[in-house]
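The values are calculated or read from the model by the stated rules, or taken from the named source; none is laboratory data. This is a predicted model, so every value here is computed, not measured. Cβ atoms come from the backbone with ideal geometry, glycine included; neighbour counts cover every protein chain shown. Only protein heavy atoms, including side chains, enter the accessible area calculation; ligands, DNA and RNA are left aside. Shrake-Rupley method; radii C 1.70, N 1.55, O 1.52, S 1.80 Å.
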Amino acid sequence: MWRLLHVMSLMCVVGLLVDASAASGSCATDLDCGLLGRCERGVGCRCFPGYTGDTCAELDLVPAPPNAGLRQQGNRSNWCGTILQDPTEPDLWHMYNSDFADCGLGIWLTGSRVIHTISRGSPLGPYTPTGEVAVAGEAHNPQAIRAPDGTYLLMDSYNGPDAGCRTYMNYTTCTPDGCTSGHGGNCSCAPKMPHRGVDGGPGNFTYHISKSAAGPWAPITVQMEYPCWGLNLTPSPAFHPNGTMFIAFHCDDAMGDVVMVSAPTYAGPFTAVHTRIGCQSAPPVGFGVAPHPEDPFLWIAENDGAISFHVVVHDLPHGVHFFSTDGISWHLHQQLDHGDQGQPLPPFFFSNVIEYTDGTTATVTRRERPWMLFNTDGSPRALVTSMKGGNHPSDSSVWTMVQATSAPQRPH
């Protein structure tokens, strides 16, 4: 059995940093390249397709079409995109997004739901809503993946009425009916969900599965050992080549961190992997306006037989990359400054400056909820992020961007 399931030591590992001098010609091992490239002594890091920079710390994004992603008119807002390719129509792409009708991001904890959108011809979009609600509110931060047996999995932080998390949002008035707003009010079921114990522990986790990338989605409930408490779990699933399933979670406990659980299959039971990714330790790491990493996206790569684990989080509004050879001891790819907060420094995994194919650029005020689409060879095909600001017609609205990388666009 995969040995990570048996490691019992708890580690806080942001102190394991990449050497600042690991630029071209000065790397010592592949760790100096963030496991996103190979170190050639005397030459430097040779980045894998889709990554760039002296230490391969940057996603090599190319200019995006101005209509890329899901952009709706007026105040219609969406957030958190995740993409599946249709297995029978290869040119059909399904994206699942958090949707707030005309109410805006402010209702994310009391009226978010997951909708189904499609694009024909390109995973970059533009995407059009189908009118289908894949998971009714409260459902937020969807991430989808195809299991080794072909089953499609759709996870989010709350998983709607099927997980006992029903909300009563009036999308005309943009106010919850018959309750008080706020994180502690009864508008949101999230703080009252039984598995959100302060110290974590055993409980259940409900998400959705389907035999089709287009749905419909049916609930499945699995046993899970929660490593921590989380108001906004933001689960991110990934499969190891040996079939083991891992899920990264966002924690809201005192350490505020990213943790993982694992199981032999997607049916569970899931046990805690005893690691913390980027926790507040010496040196401390401060992430933007948040005191801890947020919105994890987990992927597991295999290059020439070598397995590596990766997590990207947002550092409002930039991206920060962590990596590991074993899923236990993690390294921060970006460097830290020497201030009290230990802010990550550029080059970032992704930035808040967007270049478009028409020659224009836009600087967004928020770029969050990273998710990545991969080619069959494991190279990154596109980055999906949630956006605010820039050239959207209404800065009060938020939308989903899909931006390609420089990696050759191979069939998914």
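For segment 39-129, the solvent-accessible area works out to 37 Å² per residue, with a probe of 1.4 Å and every protein chain left in place. Segment residue 67..residue 41, full-extension length gain: 5.1 nm, with 0.36 nm per residue of separation and the alpha-carbon distance subtracted. The 1.4 Å probe gives accessible areas that order 388, 211, largest first, as 211, 388. Compared with the direct C-alpha span, the chain from residue 86 to residue 267 gains 62.9 nm at full extension, assuming 0.36 nm per residue. Between amide H atoms placed 1.01 Å from N, distances below 5 Å from residue 69 occur with 125, 127, 402, all of them 5 or more places distant or on a separate chain. A Förster distance of 35 Å, applied to the separation of the beta-carbon atoms of residue 355 and residue 222, puts the FRET efficiency at 0.25. Spin-label model, residue 377/residue 363: points 7 Å from Cα along the beta carbon direction are separated by 3.7 nm. Computed with a 1.4 Å probe over protein heavy atoms only, the accessible area of residue 58 comes to about 60 Å². In this structure residue 95 has an accessible area near 0 Å², from a 1.4 Å probe over the protein heavy atoms.
The stretch between residue 132 and residue 306 holds 58.6 nm of extra length on full extension. This uses 0.36 nm per residue minus the Cα-Cα distance. Phi angles across segment 108-113 convert, under the Karplus curve 6.51 cos²θ - 1.76 cosθ + 1.60 with θ = phi - 60°, into 3J(HN,Hα) values of 4, 8, 10, x, 7, 9 Hz, Gly and Pro given as x. Taken along the Cα-to-beta-carbon direction at a fixed 7 Å, the label points for residue 147 and residue 173 span 4.2 nm. Across q = 0.14, 0.23, 0.33 Å⁻¹, segment 348-389 modelled as identical point scatterers on its alpha-carbon atoms has Debye log10 I(q)/I(0) values of -0.39, -0.87, -1.13, in the order of the q list.
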